[in-house]
Amino acid sequence: MTLALAPAAPAASGDLGSRTLAPGMEGKDVKQLQQWLNRLGLPTPRTGRYDARTEAAIRRYERHEKIDEDALVTRDQARDMRRDARPRRREVRYASRTLMRGRSGTDIRALQRFLLDHDVKVSVDGVYGPATQKAVRRLERRAKVKVDGTVTRTQAR
């Protein structure tokens, strides 16, 4: 008796963590991964394709977390990323001063996370530089308020 074995079909894309992700893969789970990378401060286009930019962001994440830099996103890694990328529901206190270009600190980091949670791409580095100012202006335009690139104490509440 002869047995012919067909190669296993790759798992269909589903929720992130339902399969190991690697460069070249596509699906809604890859798009979810890209969203989480953005929330983690690793700007990545949300295309649904695990392309070179996604791979570079994953490698930066792996380096930062001091885990094997293999560009594979396993179930365990996806679980950890989900925990780290989850929007914080705690009260953020960053209304003690006007936030503007040239400032830095935890309040700037909180502002940058707020921007990411509202789909405005910016790196979370705690420095109010040109990129943060541009992101604030983008959000101000969207909110139809005065566009000046600063966040006053009143606006931050």
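Before moving on, here are some points about what is shown:
- Peptides 40-51, 62-73 ranked from most to least packed by the mean count of surrounding Cβ atoms within 10 Å: 40-51, 62-73.
- Taken along the Cα-to-beta-carbon direction at a fixed 7 Å, the label points for residue 67 and residue 106 span 2.6 nm.
- Simple rule: put +1 on each Lys or Arg Cβ and -1 on each Asp or Glu Cβ in the range 33-130, find the dipole, and look at 52, 120, 38; the Cα lying farthest toward the positive end is 120.
- The range 108-157, relative contact order in percent, only Cα pairs under 8 angstrom and at least six apart counted: 27 percent
- Sequence-distant lysines (8 or more away, or on other chains) whose Cα lies within less than 23 Å of residue 144: 121, 134
- Volume per residue for the range 20-140 equals 110 cubic angstrom (convex hull of Cα atoms).
Read the figures in this text as sums done on the coordinates, not as results from a lab. Predicted, not measured: the structure shown is a model, and the values here were computed from it. FYI the Cβ positions are ideal-geometry reconstructions off the backbone, even for glycines, and counts take in every protein chain you see.
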